[in-house]
Amino acid sequence: MKLHEFQSKRIFARYGIPIPEGDVATTPVEAGAIAARLGKPVVIKSQVLVGGRGKAGGIKLARDPAEAERIAGQILGMDIKGLKVKKVLVDEAARIQKEIYLGVVVDRATKRAVMMASAEGGVEIEEVARVSPEKIHKVSINPFLGLQPFQAREIAFGIGLEKDLVGSFAAIAQGLYKAFVGTDASLAEINPLVVTDEHKLLAVDGKIVLDDNGLFRHPDLAEMRDLDEEAPAETEARLHGLSYVKLDGNVGCMVNGAGLAMATMDVIKLFGGAPANFLDIGGGAKADKVAAALRMILSDLNVKSVLFNIFGGITRCDEVAKGILTALEEVKPNVPMVVRLVGTNEEEGRRLLANANMRATTSLVEAAQLAVAAARGEA
Amino acid sequence: MSVLVNKQTRLLVQGITGREGEFHTLQMIAYGTKVVGGTSPGKGGEWAAGVPVFDTVKEAVNATGANTSIIYVPARFAPDAILEAADAGIELVVCITEGIPVLDMVKVCEYLKHTSTRLIGPNCPGLITPGEAKVGIMPGHIHMPGKVGVVSRSGTLTYEVVYALTQKGIGQSTCIGIGGDPIIGTTFIDALKLFQDDPLTEQVVLIGEIGGTDEERAAEYIATHMTKPVTAFIAGQTAPPGKRMGHAGAIISGGTGTAAEKIAALREAGVRIARHPVEVADLVAETA
């Protein structure tokens, strides 16, 4: 789960990281009032959960409250990569001398958290990693010790920070690691961390990605989820304990298991079709869950055929078949369906579906070919 | 003809009195796995699935000589269960549980570095040596004893591939599901080493997916250390970037972790790449 910039920075502030003064506005008038209260030039920043806000025109400077109100009016309601801007952050504008990148991520290879910094802030760290990896300084953090002061100093000197800033940089690095651990994050970054004209460090932009599996420990953070930023079908899927991602194709698919669901999408593509979604109904899915999943697939009007690929293990084919029947009664779809059931109770499952006007097969390849042909109107 | 689990496996089930734990214990016993007991704190002295239940892993190990454990406890208690098994000297711990916080696994893996315990998982289907022992939740009947080692980050996708192998009459030495989480105990490289050193495994099937760079590291290892042929399938070629595809670890982030990169790296290392799961069996048959 991604947090907004303003949420991330407020969390950073709790861990002693200096952030600009500012507040969130949902109307131009509010934005103007915040700018008036700050009494300084401000930066108006759209709060949407995508990168590249600046390039899209979603971040702009305003010299006075009137201009802040006018610019907020332009940015609010703007569409950035398919997301509508509903909130702006109005921050005091920092006078910037230098931009730094500082972040903590979980490194899968070393099975530890790693802190990374680069003297080139403000750009995406992945870009720096690709173009000039030698500019990134990394330290591996022992989870039982946490980030040590010497490690923070190593990074500070590594990126060529002036000596008088090393102490405050180390405190920010320690705060960032504590924020990362304290929120069960999988990523926490300050980008950029700037050196101001007053020669102080300031976290101008921030980002936290939370580990969904850690949310049970943080009900306060779980509440920060912005449903506006999630496709409605994905929200509904989450509430049903399903894993759903909408795609652009027209062959809907329902599969048990994430790996098999991805493989099923790939096979659809291989045989000339395009998957409409990723959908994993999980292990041991019962009829009601299957019905919810089918409703979700069919709510996508691009769907021209549906492929069910169930490899029964813990999941029983007869349970899935019952769910399909329940959903069919309710939804009365008019798209062709292909079902492939293998594994636990497959005969019973196929018997249940015999009268449901679906194409049944035991071969994955054949199932995919049938579903692709059906989506083209060839079946 | 196997790695990690076999007829000498003496299995302890942690969380045996739960619904999943008891159900799968019965299934594992029916397959022929030697299940020697289970644990469930506070239920020591009772019986479940026909085996004795103990309060602690230490007690169970002392009483039964268990050398392997499988964990079915909920995510918030699973890290503790792994540590308890390691502390009791269990050599192989298999954690089925899905949904463990990543930073908990960071700590667990750091601790395990200083023990001789090997962890498989979490968020995995377990492992099986066909005809000898099933330590997991996979449907046993689709497997067949043989000489192909299988290692995979996925569950049902592995069943799909194994089913295709068995249908072609190609048996498996051991099938290891290493799990779909970002931080896992046993990685592809660890499993490949085991298969390379197992005299009775003749070739290996690797089933990967988007996210992370474990497949790329495996490719490096294959190129430099493996003499046995490897066939691979990588799931997620049609997955969009930035979206988590079910598994916590299956996400393309910042342009890394794509199927295309993994396939390129494996191909470079001489690995044959199947275009779909069923084709894995065809490629393996050509080499056998």
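The values are calculated or read from the model by the stated rules, or taken from the named source; none is laboratory data. Note that this is a predicted model, so its numbers are computed, not measured. Note: ideal-geometry Cβ built from the backbone for every residue, glycine included; neighbour counts use all protein chains shown.
Here are the numbers:
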read-out	value
Residue, farthest from the chain's Cα centre (by Cα), within region A:268-283, restricted to residues that are within 23 Å of B:Met138 (Cα to Cα) and either in a strand (DSSP E or B) or at the interface with another protein chain (Cβ under 8 Å from one of its Cβ atoms) (or both)	A:Gly283
Candidates A:Arg350, A:Arg295 - the one that is over 20 Å from B:His276 (Cβ atoms) and surrounded by fewer than 17 Cβ atoms within 10 Å (Cβ to Cβ)	A:Arg295
Options B:Ala269, B:Ala219, B:Ala235: the member that is modelled with pLDDT of 95 or more, within 12 Å of chain A (Cβ to nearest Cβ) and within 29 Å of A:Val365 (Cα to Cα)	B:Ala235
Options A:Val194, A:Val245, A:Val209: the member that is among the β-branched types (Val, Ile, Thr), surrounded by fewer than 24 Cβ atoms within 10 Å (Cβ to Cβ), in a strand (DSSP E or B) and more than 14 Å from chain B (Cβ to nearest Cβ)	A:Val194
Criterion: buried (at least 24 other Cβ atoms within 10 Å of the Cβ), within 14 Å of chain B (Cβ to nearest Cβ) and either assigned to a helix (DSSP H, G or I) or in contact with a strand residue (DSSP E or B) (Cβ under 9 Å, 6 or more places away or on another chain) (or both) - qualifying residue of A:Leu307, A:Leu370	A:Leu307
Residues within region B:241-266 that are at negative phi and either at the interface with chain A (Cβ under 7 Å from one of its Cβ atoms) or of a type in the set (Val, Ile, Thr) (or both), tallied	10
Checking A:Ala292 against (1) under 22 Å from the mean Cα position of the chain (by Cα); (2) more than 9 Å from chain B (Cβ to nearest Cβ); (3) of a type outside the set (Val, Ile, Thr), the condition it does not meet	(1)
Which listed residue is under 18 Å from the mean Cα position of the chain (by Cα), within 13 Å of chain A (Cβ to nearest Cβ) and of a type outside the set (Asp, Glu), from B:Ile90, B:Ile96, B:Ile71, B:Ile82	B:Ile96
Hey, A:Ala203 away from chain B (no Cβ under 14 Å), buried (at least 22 other Cβ atoms within 10 Å of the Cβ), touching a strand residue (DSSP E or B) at 6+ places or on another chain (Cβ under 8 Å) and of a type in the set (Gly, Ala, Ser) or not	yes
Qualifying residues in region B:221-252 (those that are in contact with a helix residue (DSSP H, G or I) (Cβ under 8 Å, 6 or more places away or on another chain) and assigned to a helix (DSSP H, G or I)) - the one surrounded by the most Cβ atoms within 10 Å (Cβ to Cβ)	B:Ile222
Residue within region B:146-155 that is farther than 17 Å from B:Ala232 by Cβ and hydrophobic (A, V, I, L, M, F, W, C) present	no
Filtered residue count, region A:120-150, keeping only those that are in a helix (DSSP H, G or I) and either touching a residue at least 40 places away in the same chain (Cβ under 8 Å) or over 24 Å from the mean Cα position of the chain (by Cα) (or both)	7
Hits in region A:20-40 (condition: of a type outside the set (Lys, Arg) and surrounded by fewer than 21 Cβ atoms within 10 Å (Cβ to Cβ))	A:Glu21, A:Asp23, A:Val24, A:Thr26, A:Thr27, A:Pro28, A:Val29, A:Glu30, A:Ala33, A:Ala36, A:Leu38, A:Gly39
Check on A:Val43, at negative phi, within 19 Å of the chain's Cα centre (by Cα) and either crowded, with 20+ Cβ neighbours inside 10 Å or in a loop (DSSP other than H, G, I, E, B) (or both)	no
